[in-house]
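Asks: Pasting a structure here, questions to come.
The values are calculated or read from the model by the stated rules, or taken from the named source; none is laboratory data. What you see is a predicted model, and the numbers here were worked out from it, not measured in a lab. Using ideal geometry, Cβ is built from the backbone for each residue, glycine included, and neighbour counts are taken over all protein chains shown.
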């Protein structure tokens, strides 16, 4: 997939890029759960329970399910970081629709956090989708399922940027 001349980033893509740059991270090999957590002043624990984030008295902690693979733990870490950065409140006490909203936002954030657009755009992806998914999964240490969702999302953004450019060119005065 060739690099677009114009790619229109979303606010989330810009936020993720700025977050990683503020942590002095610019390539996939620099992304490490413990390093990112330390730089964000978040304590990380591993236990045989479902992953969750807790913030109490200004102390942010993430518990990652030790029974999961490292790839699943990284995806959970991205999801839980979203809750710490964006959300407040006890999910056990909130209305179901608001809980679902927070979960959807955290899933979307995790997808972009685990495979940031600014890093993805620097890659030369293989011609076939299956090879590209495998490459993303290995490069970013994520599950093939997340790599496929992220690749599909990225391809949709690329098409949207191309369409935007075509319309802008056609109607330019």
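Asks: Residues that are free of Cβ contacts under 8 Å to residues at least 12 places away in the same chain, surrounded by fewer than 18 Cβ atoms within 10 Å (Cβ to Cβ) and over 17 Å from residue 106 (Cα atoms): does the range 43-55 have at least one?
Replies: No, the range 43-55 contains no residue that is free of Cβ contacts under 8 Å to residues at least 12 places away in the same chain, surrounded by fewer than 18 Cβ atoms within 10 Å (Cβ to Cβ) and over 17 Å from residue 106 (Cα atoms).
Asks: Here is a follow-up. Within the range 5-35, track down each residue that is in contact with a strand residue (DSSP E or B) (Cβ under 9 Å, 6 or more places away or on another chain) and free of Cβ contacts under 8 Å to residues at least 24 places away in the same chain.
Replies: 34
Asks: Looking at the range 69-76, can you tell me whether even one residue there is touching a helix residue (DSSP H, G or I) at 6+ places or on another chain (Cβ under 9 Å), modelled with pLDDT of 95 or more, under 17 Å from residue 113 (Cβ atoms) and not in a helix (DSSP H, G or I)?
Replies: no
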